[in-house]
Amino acid sequence: AGRSSAEAGRGATAAADDPFRVLQICLDLDLPGPALRRAVDAMAASGGLEHAVDPVLEAVRAGGAAAAAAWEVIRSPATVRSLLGGVPPDFRALDALLPHLDGHGLGPLFDLLIESAERHARRAAFDRLRRAGRLAAVGALARLADDRWYVLRNLLALLAEIDDLPPAVDPIPWLGHADARGRREALRGALRRDAARDRAVWTALGDPDDRMRLAAIQAVSARPSAAAAPRLINLARPEPLDDALRA
């Protein structure tokens, strides 16, 4: 009997030390509360949260207060921030969560894209926001008021990579931005939209930046634009361009 009690105690201790097991118990007994929150936080901090996504989703479909509470915590910006703050970041768990995040949950990825000094971290955030599609496009659009050139460039580059753009996304106004790096990304996005393409080509052919004009010339070569003809004729004269670009 003594051995049985000791073994039971060790089993309870082991369960308490395993956050995934604690989460399962909370779901099975429908016990929302601090223990459930601690279990999710522990998995976000130490790894393994990806294993919780499917079981919690299944429990959400079955109903129950604990499942709803767990899902709210798992999808929260705080959890995403914890996954991104690890060394290294827990991209495996984040990728499992990505299809289920809402606009608030994507916020820490935008923060990483905008604020991180690490190129590989910005690239990782960019790739996941691109995969988030329209929801990320809405988030990028809301952040375009930021006047820092590198923020604008990164957000416009993201919009240029997303296929399913909401109608409110219009790159044309950014073709007049003061920084050429932002204008180049706006042009790349505008060239992918039939409704904006001719106007974007016409505008870029009159841009002082050689890379803008070259991109517009290449776009016309791939798909002619009658509206661009007068500006192309002007550019073919000796003065505006160097010989390589004019050719």
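The values are calculated or read from the model by the stated rules, or taken from the named source; none is laboratory data. This is a predicted model, so every value here is computed, not measured. Glycine gets a Cβ as well: all are built from the backbone with ideal geometry, and neighbour counts include every protein chain shown. Surface accessibility is based on the protein's heavy atoms, side chains included, excluding ligands, DNA and RNA. Shrake-Rupley method; radii C 1.70, N 1.55, O 1.52, S 1.80 Å.
Before moving on, here are some points about what is shown:
- Of the candidates 48, 9, the single residue that is open to solvent by less than 70 Å² (accessible area, probe 1.4 Å), within 26 Å of the chain's Cα centre (by Cα) and modelled with pLDDT under 95 is 48.
- In segment 165-189, residue surrounded by the fewest Cβ atoms within 10 Å (Cβ to Cβ) [restricted to those that are more than 14 Å from residue 140 (Cβ to Cβ) and of a type in the set (Gly, Ala, Ser)]: 178
- Positions within segment 51-75 being buried (at least 17 other Cβ atoms within 10 Å of the Cβ) and not aliphatic (A, V, I, L, M), in sequence order: 64, 71, 75
- Yes/no for residue 145 being in contact (Cβ under 8 Å) with a residue 12 or more places away in the chain, over 19 Å from residue 40 (Cα atoms) and of a type in the set (Gly, Ala, Ser): no
- Residue 133 being of a type outside the set (Lys, Arg), touching an Asp or Glu at 6+ places or on another chain (Cβ under 7 Å) and on the phi > 0 side of the Ramachandran plot: yes
- Output for segment 76-99, where each listed residue is over 13 Å from residue 45 (Cβ atoms) and open to solvent by 60 Å² or more (accessible area, probe 1.4 Å): 88, 92, 99
- Selection of segment 197-218 for residues being of a type in the set (A, V, I, L, M) and either open to solvent by 10 Å² or more (accessible area, probe 1.4 Å) or more than 24 Å from residue 167 (Cα to Cα) (or both) yields 205, 212, 214, 215, 217.
- Meeting the requirement of 2 or more residues that are over 33 Å from the mean Cα position of the chain (by Cα) and modelled with pLDDT under 90, the helices (runs of 4 or more DSSP H) wholly within segment 170-247 are 229-235, 243-246.
- Contact map, segment 167-184: first residue within 16 Å of residue 154 (Cα to Cα), second residue assigned to a loop (DSSP other than H, G, I, E, B), Cβ cut-off under 6 Å, separation 6 or more or different chains; pairs are 180/209; 183/177.
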